[in-house]
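For reference, the structure discussed in these notes is given below.
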Amino acid sequence: MDETKMTKFVEKAVGDVGALLGGAMVVIGDKLGLYRAMAGAGPLTPAELAGRTGTAERYVREWSSAQAARGYLTYDGAGRFSLPDEHAIPLTSPACMIGAFEIAVGSVYATDTIAERFRTGTGFSWGAHDAHVLGGCERFFRPGYLNNLTSAWIPALDGVEAKLTAGARIADVGCGHGASTLLLAQAYPASNVVGFDAHQGSIDAARKRAADAGLTERVRFETAAATTFDGDYDLVCFFDCLHDMGDPIGACAHVHDHLAPGGTLMLIEPFANDQLSDNLNPVGAAYYGFSTLLCTPSSLSQEVGAALGAQAGEARLREIVTGGGFTTLRRVAETPFNIVLEAAAS
């Protein structure tokens with residue numbers, strides 16, 4: 001027994017407990033506007049922050065202390081806390097990280113349910129999770145789409161940007177609340193965009209977002225699975241959802257059958273290497289955790305239940321896409337959180 005090694009592990013475990021609770025602190029800070037009130041305000045006492053946000057000082061004091069202990073806030077030793085400018089941007093800007101915390105907190109709500117699924121081997125559908133999961137998922141992925149979709153990912157596809165600019169038919173399959181669908185509609189007004197999702201609640205939310213954005217004339221949302229949607233399209237997109245599907249090969253085959261001549265499948269998936277050992281890092285830890293609580297149970301709740309998981313990797317995805325009838329697949333872009341793959345209709 002190496003007691004020093006054991007002590008270091010205990011310290012790590014305690015840190016993980018703080019991180020788990022810290023996620024809830026972040027969601028509270030966002031929900032109550034605490035971060036926004038602190039951004040650029042300099043040092044504030046809990047009473048001052050409570051006054052700015054209409055909250056109770058005693059709760060704010062405890063929250064501030066917890067956030068300072070995690071290094072999110074700084075403490076001046078005299079009862080005042082600050083939010084550094086470098087922290088404010090990831091916590092308050094349109095490209096903030098809050099969605100990752102929200103989806104994590106929401107997924108943890110299902111801990112007991114998923115533990116039981118370990119015993120039975122049955123699944124748990126995406127739509128059955130807490131609302132934090134669905135809303136957090138949109139907030140988690142939207143900044144990446146906002147920063148990369150039309151500026152890098154679409155231009156990297158072979159001849160697709162010109163088609164969309166001139167006017168093409170686009171299907172966003174597994175669209176969720178429609179963040180990616182609406183971005184496509186905004187960027188390519190000459191194109192016709194349809195978002196499909198099997199979860200009726202998500203489609204309802206997407207339709208409301210389209211109405212709020214004034215895009216109902218250029219985009220529509222329909223309830224349909226990846227193996228049942230209709231129409232023919234020049235571009236079909238799977239945004240971070242293929243690995244959640246029960247029958248990903250069947251989904252790719254359905255896309256292949258519904259692509260116009262010269263059409264393209266764009267597949268965006270969580271970043272992963274092909275070897276497990278190469279994914280044992282902070283990003284992999286987050287994705288494997290999400291995959292255990294969300295992605296794998298989602299797939300197992302559907303027909304076939306392939307259960308790819310969120311860290312399938314490009315080689316496994318190639319097997320899926322070619323199994324669906326495509327003959328080529330190439331990586332056209334990547335970020336620390338996503339890989340972008342292109343398959344062309346034969």
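Give me the net charge for the shell around Leu157: Cβ to Cβ below 12 angstrom, other residues only, Lys and Arg +1, Asp and Glu -1.
Numbers: positive: Lys163, Arg330, Arg331; negative: Asp158, Glu161, Asp234, Glu342.
Net of charged neighbours comes to -1.
Name the longest site-free stretch of the chain, where the excluded sites are GluC sites (Glu not before Pro) in a DSSP loop with no more than 15 other beta-carbon atoms within 10 Å. Don't jump to the answer; show the numbers that get you there.
Numbers: sites that count: Glu217, Glu303.
Excluding the exposed sites themselves, the longest stretch runs over 1-216.
Report the far tail of the P(r) of segment 138-277, meaning the percent of Cα-Cα pairs longer than 25 Å. Mind dumping the intermediate values first?
Details: 1983 of 9730 pairs.
For segment 138-277, the fraction of Cα-Cα distances above 25 Å is 20 percent.
Compute the signed sum of charges (Lys and Arg +1, Asp and Glu -1) over the other residues within less than 15 Å, Cβ to Cβ, of Asp130.
Values: positive: Lys31, Arg139; negative: Glu102, Asp112, Glu138.
Value of the local net charge: -1.
Suppose all protein chains stay in the model; what accessible area per residue would a 1.4 Å probe give for segment 79-229, in Å²?
Numbers: 6720 Å² over 151 residues.
Per-residue accessible area for segment 79-229 comes out at 45 Å².
Rounded to a whole number, what % of the accessible area of segment 1-87 do carbon and sulfur atoms account for, probe 1.4 Å?
Carbon and sulfur atoms account for 58 percent of the accessible area of segment 1-87.
At 1.4 Å probe radius, can you tell me the per residue accessible area of segment 258-346 in Å²?
Working: 3770 Å² over 89 residues.
Here the residues of segment 258-346 average 42 Å² of exposed surface.
Which angle from 0 to 90°, rounded to the nearest 10, does the C-alpha axis of helix 3-31 make with the longest principal axis of the chain?
With both axes taken from Cα atoms, the answer is about 80 degrees.
On a 1.4 Å probe surface of the protein chains, which of Ser64, Ser277 comes out largest in accessible area, and what is the full order?
Values: Ser64 0, Ser277 85 Å².
Descending order: Ser277, Ser64.
Please give me the summed charge of the neighbours of Ser82: other residues whose Cβ is under 12 Å from its Cβ, Lys and Arg +1, Asp and Glu -1. Let's see the in-between values first.
Numbers: positive: Arg80; negative: Glu48, Asp76, Asp85, Glu86.
Residues close to Ser82 contribute a combined charge of -3.
Using a probe of 1.4 angstrom, how much of the accessible area of segment 192-346 is carbon and sulfur, in percent?
52
Take the eigenvalues of the Cα gyration tensor for segment 40-162, scale each by 5, and report the square roots as semi-axes in whole Å, largest first. Could the numbers behind the result be given before it?
Numbers: eigenvalues 239, 135, 25 Å².
One finds semi-axes of 35, 26, 11 Å for segment 40-162.
Just from its helices, what would the mean residue ellipticity at 222 nm be for the chain, if runs of 4 or more DSSP H residues each count -39500 (n - 2.57) and the sum is divided by every residue, rounded to the nearest 500 deg cm²/dmol? Could you put the intermediate results ahead of the total?
Details: 15 runs with 165 residues, N = 346.
My calculation for the chain gives -14500 deg cm²/dmol from helical runs alone.
The values are calculated or read from the model by the stated rules, or taken from the named source; none is laboratory data. Just so it is clear, the model here is predicted, and its values are computed rather than measured. As a convention, Cβ positions derive from the backbone with ideal geometry for all residues, glycine included, and neighbour counts pool all protein chains shown. For the accessible areas, the whole protein counts, side chains as well, though only heavy atoms, and no ligand, DNA or RNA atoms are used. Shrake-Rupley method; radii C 1.70, N 1.55, O 1.52, S 1.80 Å.
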